[in-house]
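Working notes, beginning with the structure itself.
Computed from the coordinates by the stated procedures, all read-outs in this text should not be read as laboratory data. Note that this is a predicted model, so its numbers are computed, not measured. Note that we place each Cβ from the backbone using ideal geometry, even for glycine, and neighbour counts take in every protein chain shown.
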């Protein structure tokens with residue numbers, strides 16, 4: 001395929017498909033745009049959880065058990081921070097801290113998050129282009145009976161337990177899509193929506209000014225992969241959140257979020273009976289094996305998605 | 001002794017005597033003022049080498065081999081920072097980074113270095129009061145044939161090898177002594193000049209506006225311990241630097257720096273023949289065992305110094 005592919009992703013699931021795509025597409029033909037609505041500040045350091053998950057995954061450094069963090073990391077500095085009375089509910093390994101310290105330093109010198117991400121990725125040997133959705137701060141805020149929570153506060157500290165009453169993306173209206181995202185939205189022949197949480201991972205990106213319009217106007221083929229299989233998310237709290245927000249917890253519920261721009265929606269074999277309902281939304285359902293456990297699974301799904309772009 | 005003691009110190013040698021003093025004096029009767037002319041910024045983090053050496057030493061956490069840093073520390077984050085292309089010649093362990101991260105965060109929130117130091121010390125169980133010489137930035141700059149170098153650049157990165165042509169304390173004129181130092185200079189009955197480098201450790205403190213005047217006017221007994229034994233420093237580059245600055249490399253050379261205010265100057269047995277020359281400076285020489293290897297050595301010297309205060 002000679003065209004360009006833009007993959008839009010959130011956390012662990014998105015990184016899995018992105019890894020598959022990097023095994024099929026060369027670095028000139030793929031741009032991976034990552035959610036930064038989860039970004040947060042811990043101990044004065046700028047942490048970008050989804051960007052790091054993507055970077056570590058593509059560098060072959062991610063923890064195979066969790067999908068986030070660095071494998072074989074230690075937690076020595078965090079233990080010291082705890083002794084100093086710091087809040088240490090957000091697990092930050094020593095190697096991982098190297099990333100956050102470096103990012104914070106480079107941002108402090110005036111570099112954009114795009115520039116910093118490019119440099120960090122290059123240092124770790126990641127050849128494919130990973131870009132943040134925006135260089136401006138956008139923060140996903142989750143309204144719960146316990147009050148407004150940041151994404152990490154909700155997800156990590158409170159274990160995604162509070163009922164989600166609302167979700168908003170603070171700063172999104174004033175933020176601009178990153179230069180790389182703007183370019184890719186114009187250039188791409190294929191736009192892939194990786195299997196990520198439609199509200200927490202994709203929502204912040206779609207909330208950026210001009211992104212939804214660009215998607216609607218783009219002549220690129222738009223292919224989404226469902227993060228929901230059967231009645232729940234493959235990983236993470238997407239199912240619970242969709243239910244609490246009054247959405248149908250199924251691949252149809254996700255497809256409904258993408259109905260304004262999506263051409264193909266890839267669902268799992270066990271959801272094939274829901275195909276007609278996706279078709280009713282004006283989206284072509286495609287049945288495939290979408291649970292990615294091995295690297296082969298990721299590559300195979302990547303190939304399928306690219307094939308849909310060429311169909 | 002019912003009075004109050006102010007100990008003024010730099011790095012490793014100063015911390016040794018300070019430890020001895022803490023074993024003899026209760027926390028109400030001792031204030032330890034530490035040089036911050038060595039402070040520097042690494043990876044965007046505020047590092048206070050002498051404050052940390054003091055804090056770790058008093059907490060029983062310092063590396064017994066080097067006297068600085070934390071014992072059994074690991075260097076995982078630094079390895080990652082190196083991979084990101086950061087300059088990593090300044091060794092920062094993972095536990096140590098916990099200190100710098102926390103300090104930087106608290107300073108960023110608007111706390112003074114005095115407040116931060118108090119909080120960090122408290123967290124590590126240090127009961128005696130450790131204070132920075134100033135809450136304002138003072139930076140020791142060393143003029144060499146290689147150009148102006150920061151203290152750490154000179155001492156750590158260039159291994160104290162360049163010839164020292166000049167020393168200045170940037171910011172000292174505009175800085176104020178810390179509130180704790182001002183108070184202790186007024187309150188103390190005994191002021192101890194720990195065995196630290198007279199130019200690199202004591203110089204920045206003496207350069208603060210009002211400190212030299214306060215010392216001259218103070219009715220406190222002033223006792224200094226020589227950092228030089230025989231023809232060289234017990235530890236560090238003090239001998240080399242004094243020689244390069246055209247000073248006599250001996251306890252007399254150090255005593256000469258303190259002649260305007262010092263009452264007693266403690267020298268080692270092997271320098272007893274130099275006693276008369278110190279007496280010529282108007283300072284009473286006291287011969288003692290000043291090389292501190294064991295904790296008993298530190299306590300014994302602390303007791304001797306306090307006894308001089310009571311003499």
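Remarks
- Relative contact order %, the range A:1-80, counting alpha carbon pairs below 8 Å whose residues are six or more apart: 26
- The range A:17-77 and the range A:128-187: distance between their alpha carbon centers, rounded to Å: 16
- Exposure proxy order (Cβ contacts within 10 Å, fewest to most) of B:153, A:182, B:28: B:28, A:182, B:153
- Proxy reagent accessibility, fewest Cβ within 10 Å first, across A:133, A:242, A:292: A:292, A:242, A:133
- Distribution of pairwise C-alpha distances over the range A:1-66, 10 Å bins, in %: 21, 48, 25, 6, 1
- In degrees, nearest ten, helix B:94-108 long axis to first principal axis of chain B (Cα): 90
- Helix A:49-58 and the longest principal axis of the Cα set of chain A meet at an angle near 70°.
- Of interest is the spacing of the C-alpha centroids, which for the range A:88-112 and the range A:287-311 amounts to 33 Å.
- Among A:105, A:293, A:257, residue whose mean-square fluctuation peaks in a GNM of chain A (springs only between Cα atoms under 10 Å): A:293
- Order of B:311, A:277 under a 10 Å beta carbon neighbour criterion, fewest first: B:311, A:277
- Zero-based 5 Å bins, Cα pair distances in the range B:234-303, whole percents: 3, 17, 23, 22, 22, 10, 3, 0
- Closest approach of a chain B Cβ to the axis relating B and A (residue, whole Å): B:94, 2.
- Shielding by partners - mean other protein chain Cβ count within 10 Å, residues of A:60-71: 0
- Highest-fluctuation residue, B:205, B:167, B:131 considered, GNM on chain B with Cα pairs under 10 Å: B:167
- Cα pair distances of chain B binned at 20 Å [whole percent]: 35, 60, 6
- When the Gaussian network model of chain A links Cα atoms closer than 10 Å, the mean-square fluctuations of A:65, A:115, A:152 top out at A:65.
- Nearest-ten-degree value, helix B:12-22 long axis tilted from longest Cα axis of chain B: 70
- Distances between equivalent label points of residue A:165 across the copies, with each point positioned 7 Å along Cα→Cβ, amount to 6.9 nm, shortest listed first.
- In chain A, Cα pairs under 8 Å separated by at least six residues give a relative contact order of 20 percent.
- Other protein chain Cβ atoms within 10 Å, averaged over every residue that makes up B:101-109: 5
- Virtual paramagnetic centre 7 Å along Cα→Cβ of residue B:259, amide N under 19 Å, in the range B:208-222: B:212-213, B:215-217, B:222
- Cα-Cα separations in the range B:1-150 greater than 19 Å, expressed as whole percent: 54
- Dividing the summed -39500 (n - 2.57) terms of all DSSP H runs of n ≥ 4 by the residue count of chain B sets its mean residue ellipticity at 222 nm at -10000 deg cm²/dmol.
- Two-site FRET efficiency, residue B:289 against residue B:71, from Cβ-Cβ distance with R₀ of 22 Å, rounded to 0.05: 0.25
- Per-selection metrics, the protein assembly as shown (Cα): Rg and Dmax in Å: 31.1, 104
- The protein assembly as shown - share of DSSP beta bridges that are antiparallel (%, nearest 5): 40
- Two-decimal log10 I(q)/I(0) for the range B:75-227, as the Debye equation yields it once each C-alpha is a single scatterer, q = 0.12, 0.16, 0.21 Å⁻¹: -0.67, -1.15, -1.43
- Copies compared at residue A:310 - label distances in nm, ascending, label defined 7 Å from Cα in the Cβ direction: 9.2
- Reported to the nearest whole Å, the Cα centre-to-centre distance from the range B:218-269 to the range A:189-228 is 71.
- Residue by residue along B:40-51, Cβ atoms of other protein chains within 10 Å of the local Cβ number 2 on average.
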